Each structure stands twice: as C-alpha cells, then as structure tokens.
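Colleague: Take this structure first; my questions come after.
The values are calculated or read from the model by the stated rules, or taken from the named source; none is laboratory data. Computed from a predicted model, the values in this text were never measured in an experiment. A quick note on method: Cβ atoms are made from the backbone with ideal geometry, for glycine too, and the neighbour counts reach across all protein chains shown. Note: accessible area is taken over every heavy atom of the protein model, side chains too, but ligands, DNA and RNA are not part of it. Shrake-Rupley method; radii C 1.70, N 1.55, O 1.52, S 1.80 Å.
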Amino acid sequence: MKKLLLSTLIMLCVSAFAQKQYTLQSPDKDITVTIEAGEQLTYAVTHGNTCVLTPSPIGMKLTDGTTLGTKPAVKSAKTRSVNQLLTSPLYKKAEIPEVYEELTLTFKGNYKVVFRAYGVAYRFETDFRKPIIIENETADFNFDNDYQGLIPYVLRRAGQEGPLINQQFYNSFENTYSHINLNQMDPEKLAFLPLLVELNDGKKVVITEADLEDFPGLYLRNANGKNGLSAVHAPYPKTREQGGHNNLQWIVKERENYIAKTAGKRAFPWRIITISENDKELADNDLVYLLASPNRIGDVSWIQPGKVAWDWWNAWNIYGVDFPAGINNDTYKYYIDFASQYGIEYVILDEGWAVNKKADLFQVVPEIDIKELVDYGAERNVGIVLWVGYAAIDKDMEHVCQHYADMGVKGFKVDFMDGDDQMIVDFYYRMAETAARYHLFIDFHGAYKPTGLNRTYPNVLNHEGVYGLEQAKWDNESDLVTNEVTIPFIRMLAGPLDYTQGAMKNANKNNFAAIYTEPMSQGTRCRQLAEYVIFESPFNMLCDSPSNYMKEDECTQFIASVPTTWDETMVLDGKVGEYLVIARRKDFHWYVGAITNWEERDIEIDLGVLPNFGAKSGHIFRDGPNANRVAKDYVSEQAQVWGNKVKVHLAKGGGAVMVF
C-alpha cells in the first residue's frame, strides 16, 4: 500500500512528463528526482509522501543563440554511487560522511547535466573549445501549492540609477526574513539566498548554491504570481567607477546584456535544494561544503582560527586610561594587552587606520604605526588583522598582501564588495588565492553568502552576508532576537557567519535602544554567551569594549575559552524562529548552547545522544531569576546531569550555555 501511494504521488508531482524520463533516488530512497528530456529539460522532486518540486525547467542560453536544455537530445546516462568520509579542517566537524547517488546526462551539443541525490543538487557542464558568453540561465523552482516562505528581500543601497531590478544588484545581502506566501512576494523585488519554503507535513526546503566560481550569484523572484521561484543574475558590468563608501567600492554604471563570459570547457555552480523532515536538520547541513571544490592551497597548518577583539562596534570606548581613546597606537596597545590577558588570538584594526577616501593601503594615518603594533602584539602572542576596503585592495592586491605579510600581519577583513556579479565573484577567488600565497587569512565582510569557498581556500575563515549584531547600533525597529533563532536554520546552512556577538550591555524588549556609539544587544547576557556555541564562526569577534569585558571577568573568561572550530556538531532540538539547542565537541569537551525567541521556555536537553558522553556534571551559565527585568542577570553554577538529562529555563530573549 505504501509503495502504491508513493508511486501515485510521483505521478502527480511529475504529471507533465510524457517523454524521456530518468529517475534518481537518494541512498535511503527517501528522495526521488525525476528528470524529463522533453521540449525543455525539467526535473521534479519528491520526499517520501511529499511533493517537493513539480516539473521545473532548467537551461542556459548563449549569446550566439546556442541553448542548453531546450529540446535536449540525450546521448548517454551514467550513474554512480559514492560513500566516503571527507576530512574537513577548520570546520564545524572534523569529518563529514559523503553518501549520494549521481546521474550524469550527456546531451548532443557538448554539454552535460549532473544530478545528485542526498538533498538534491544539479549543475551544468560544458565542453566547448572556445570561450562562451552566457545571456541567461533558467533555474525555476516550482511547487504544487502557494506555500509560505521565509524570504530575505534585497535591501538595495541608495544612489543607484536605471531599472529597479538592476539597482538591487548593489546590496550587502543583509535583511531579516519576510514570512509570506510565495504569491505574495513583490514581483519587483529580488530575494537573495539561502531562502526557505515551508512544505506540507512539517517539511521544509532551503534553496541555495555552491561552488560559485567565474559566474554571478543567484537571486530568486516570483514575477508571475504562480507557485514558484525563478532565477535572476546580475548582468556583467560594462562600465564601473570607483566610489561608494569612502571611495572604497567599484560602482557599476552600466551593465551588459549578458551575465557571464567564461571558458567553454567548465563546470557551473551547483543549484541546491535541501530537504528537512524536522527543523533541526537544517541547522546541521553540510551540502554546501560537500559540493564545493576541494582544497587548492595544500597545507593548512599555518591557518590559525580564533577570536578577535574588535574596535568598531564599541566605538573605541575604553575608559580608565590616561590617554585619549580612538584610532591611535595607545588604544590598540590597550586592546592587545586585553587580548593577551585573556588568551584572545587577534586584535583587528577596523576602518580608520588608512587615510580616509584615498583607497590607498600604503597611506597610514600618522596616529598609527602598524609595525610597532605587530611587534607589540607578537611579544604578547596576539596577531594583528587589518580591515580593508574592496577597491583599495583590488587595485594593488599583490603588493598589499606582500607588504603586510612581510610586516607580520595575519590577515585581512575585506569589506564593501556589496554585490555578486561575475567580476565580484572573481575578486573573491583572486583575493583568497593571493592571500594564501602570503599565508594570510580572510574574513569577507559586505559579502554575499558562503558557497563553499572555505573548503576550496581554507584561509577564507568567515563571510558576513547576515543581518548581524552591528545593526543594533542604528536599527530600533528590527527584532534581532527572532532573527537570531532564524538564521541558524537558513543563512548558516550556507556556511560560517560573521555575526559579531559578545555584547556586555544587554537589553530586554522594552528597554532596547539603538545607540551608535554605546550599543547594546537585544536579549539576555546568557544569550550572548550561548551564541559563541550556536553560531559557526572560525574567526569569531568580541564586539564589546575591552574595558567592559574586564568588568565582566567571568563572562569574558568563558568567551575566551570557547573554541571556534570543532570536531563534532550535533543539533539537539530546535524550531525555526523559536528556539535552538546545539552541542559541539572539541577534544574532550562538549559545549551546549541554547537560545530562544521572546517567549520564555523550559527545555529538557538530552545529552545521552552525544557520542561517548559520560559526564555527571558540568558548568552552566543560565538566565537569572530577574533576567526578564534586567537582561544581564545570570547564574553561573555546576549543572548536574540526571539520567543524561538537563533541564534549563530560558528567559524571554534568553539563553544558556554548558560545558561538560
């Protein structure tokens, strides 16, 4: 009976199919992908008794009139099975099982499409002798109902001209999520990835991409009022000029009528459809990492992840010192001394160390002596990282990397790319490769979502592309607490995020205020501590002032002790937009973090599912009895484990974190 129901469902989900069909199933048989080579190449997906995607067209059109996927003529169909264990340095787990079924369809016209089922992913591969110019790509995601989604609309930057769609390609990939039906989406607005769609039976789909190289990033829109989403890409820049924030950006003034010019023999980015039966599966998904190109730099032993004392969010607000705080060597030596005291690996010099609006990284303000700071830090086991603007380092990348690597700088935080057209995507690869040659690591800020570059170039430790805590400096309206229990299921599925948590000034819902020079967080103090376990971030910032941290020694000692890469990660419980519990292991220590939305809740954490867990007690930071009134109220105590269970109360906007 069950087999009959499944067969009927597949027929309904792929009812438009009439010609050549090819079927691919995941190793556990839960996922079925049905590919049809008819008038247009389409695919459909089912998961168990759930229709995930109805027939969805895919294809490409070249400027010479060549089309891929239109009236496709199949030459061969080959399958293979993969079952292996990948090592994954500098990641949220040391090893990843890679188990999937693959189908490669080779078509007349010198191209292939590769499908994988373990989740669902597909990509085009071409075999043309000469370079090609791609006018557009068709990538539709059609559903059988008008489902609700969590849609991150593009927030375009001001000052753009031309069609509204083109204006949206200049953006920082930061927004909260609109919880709306697909057919309620504004047809004039683009959504960036990852994006979530809620299916029947509690199942969810997250759409994203991986191995984005030499090609523009993918946006989605619903322009036809139907139950589906369609791909949009930024056209290739025709003319651009230096400008934008402090003259540190390349601003596109005119675009071509095509999206990419590229090699004729190549593989294109993977389009990914992740499928979850329960929400917690989304918060521990490895598909983007698995689908990325393997390590290209070889030895990674020189790459040292860690935490960094950050200056910009707290506005250099140190106090109790005998010198003016600000962008000067005395202030940064104070940051270095603080980092050294707590065993924090890095201090960053954010915007201001280079002469403003010159976009010249060899022009350093007279108040800063970088070599002196590098040497001062080295004596105290603290590395120096420099913030740089996109255009400034792009103009002279080789010399900048060589100069500061020779000086002893450890890495760059690269900011304000604010786009993902082909030129910008190419910059990421050039930046990662050049930095690696000089043993420098990279944190991409003002960046699109991760697409697996951290596997290909493991010196890329972080991406922003998230509506992070920096917004608390100026945004009084957004609900950051709800955002923080949403992004681990959607944005973090793509990879590490530079959320920049760690505030020591904490506020409940009623007393939060956005204050640019003396910022605070939404939610409790324990929530900030727990986020060092919840958020995946190999280069993890301490956003607050060293002076504030030293007043909160116990919390700071804990933050400094939390690892930033892990041997194991397990999501124990969670629901999108409501709460999340994650356990991560480093060596012989398990760390367990829990956060909730504005609803207080009692949770029971089952530690018995953790491999080889035998602890009877551990240390816990939990919300204090008055945390709903005074957000920084917390309790630090031994947590007793009874029958592998721990019960914890979370305040409104609260959190808890445990070490066993």
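Colleague: Which entries in 280/616; 61/238; 261/358; 112/265 show an alpha-carbon gap greater than 21 Å?
Modeller: Going by Cα-Cα distance, 280/616; 261/358 fall outside the 21 Å limit.
Colleague: Also: Any idea how far apart residue 356 and residue 25 come out in nm if each label point goes 7 Å out from Cα toward Cβ?
Modeller: So the two model labels end up 6.5 nm from each other.
Colleague: Work out from phi, with θ = phi - 60° and the Karplus expression 6.51 cos²θ - 1.76 cosθ + 1.60, the ³J(HN,Hα) of each residue of region 535-546, listed in order in whole Hz, and give x for Gly and Pro.
Modeller: Karplus-based 3J(HN,Hα) across region 535-546 equals 8, 7, 6, x, 10, 10, 8, 9, 6, 8, 6, x Hz.
Colleague: Residue 410: which lysines have alpha carbons under 19 Å from its alpha carbon, excluding same-chain residues fewer than 8 sequence positions away?
Modeller: Within the straight-line limit of under 19 Å, residue 410 reaches these lysines: 307, 333, 371.
Colleague: May I pose another question? Beta carbons within 10 angstrom, averaged per residue: use that to sort the peptides 595-606, 403-414, 280-291, highest first.
Modeller: 280-291, 403-414, 595-606
Colleague: Once a ≥ b ≥ c are taken as the square roots of the eigenvalues of the Cα gyration tensor of region 173-320, is the result rounded (a/c under 1.5), prolate (a/b larger than b/c) or oblate (a/b not larger than b/c)?
Modeller: Rounded, because the longest to shortest axis ratio a/c is under 1.5.
Colleague: Quick one: putting +1 on the C-beta of Lys and Arg, -1 on the C-beta of Asp and Glu, what dipole do you get for the chain around its Cα centre, in Debye to the nearest 20?
Modeller: Dipole size: approximately 1860 debye.
Colleague: Helix 397-407 versus the longest principal axis of the chain: what is the Cα-based angle in degrees, 0 to 90, to the nearest 10?
Modeller: 30 degrees
Colleague: Just report the Cα centroid separation between region 141-212 and region 508-528, whole Å.
Modeller: Taking the Cα centre of each part, region 141-212 and region 508-528 sit 28 Å apart.
Colleague: Further, regarding this structure: Bin by bin, in steps of 10 Å, what percent of the Cα pairs in region 475-524 do you find, going until the bin that has the longest distance?
Modeller: 22, 52, 24, 2
Colleague: I'd like to check one number: the per residue accessible area of the chain, probe 1.4 Å, reported in Å² as a whole number.
Modeller: Ligands and nucleic acids excluded, the result is 37 Å² per residue.
Colleague: Along Cα→Cβ, 7 Å out, is where each label goes; now give me the distance between the ones at residue 647 and residue 329 in nm to one decimal.
Modeller: Using points 7 Å along Cα→Cβ, the separation is 5.9 nm.
Colleague: I've got another one for you. Charges at C-beta only: +1 for Lys and Arg, -1 for Asp and Glu. How large is the resulting dipole of region 549-660 about its Cα centre, in Debye rounded to 20?
Modeller: Computed about the Cα centre, the dipole is about 40 debye.
Colleague: Name the long-range amide H neighbours of residue 265: under 5 Å, sequence gap of 5 or more, or other chain; modelled H, no Pro or chain starts.
Modeller: It is 128, by chain and number.
Colleague: Which Cys in the chain stand alone, with every other cysteine's Cβ at 4.7 Å or more from theirs?
Modeller: Within the chain, the cysteines lacking a partner Cβ under 4.7 Å are 401, 526, 543, 555.
Colleague: What number, in nm² with one decimal, is the all-direction average of the projected area of the convex hull of the alpha-carbon atoms of region 448-551?
Modeller: Mean orientational projected area (region 448-551, Cα hull): 6.9 nm².
Colleague: Would you mind calculating the gained length between residue 76 and residue 63 on full extension (0.36 nm times residue separation, minus the Cα-Cα distance), in nm to one decimal?
Modeller: Gain in length upon complete extension: 2.0 nm.
Colleague: Expressed as an acute angle from 0 to 90° and rounded to the nearest 10, what is the orientation of the C-alpha long axis of helix 422-437 relative to the principal long axis of the chain?
Modeller: Around 50 degrees separate the two axes.
Colleague: Moving to a separate point now. Among 51, 522, 166, whose Cα lies farthest out toward the positive end of the dipole of the chain, if unit charges sit on the beta carbon of Lys, Arg (+1) and Asp, Glu (-1)?
Modeller: Ranked along the dipole, the leading option is 51.
Colleague: Angle check, please: helix 2-13 long axis (alpha carbons) against the longest principal axis of the chain (alpha carbons), in degrees 0 to 90, nearest 10.
Modeller: 90 degrees
Colleague: Rounded to the nearest 20 Debye, what is the dipole magnitude of region 170-212 about its Cα centre when Lys and Arg each give +1 and Asp and Glu each give -1 at the C-beta?
Modeller: I would put it at about 120 debye.
Colleague: Over every pair of different alpha-carbon atoms in the chain, take the mean of 1/r and invert it; report that Kirkwood radius in Å.
Modeller: 25.7 Å
Colleague: In addition: Compute the separation of the alpha-carbon centres of region 446-460 and region 577-598 and state it in Å as a whole number.
Modeller: 24 Å
Colleague: What are the ³J(HN,Hα) couplings of region 471-476, residue after residue, when phi is run through the Karplus curve with 6.51, -1.76, 1.60 and θ = phi - 60°? Round to Hz, x for glycine and proline.
Modeller: So the Karplus estimates, Gly and Pro as x, are 4, 5, 6, 9, 10, 7 Hz.
Colleague: Of all DSSP beta bridges in the chain, what percent run antiparallel (nearest 5)?
Modeller: 85 percent
Colleague: Quickly estimate the mean residue ellipticity at 222 nm for the chain, helices only: each DSSP H run with n ≥ 4 gives -39500 (n - 2.57), and the total goes over all residues, rounded to 500.
Modeller: It lands at -4500 deg cm²/dmol.
Colleague: Ignoring any ligand, DNA or RNA, what whole percent of the accessible area of the chain comes from carbon and sulfur when the probe is 1.4 angstrom?
Modeller: Looking at the chain in its full context, I get 46 percent from C and S.
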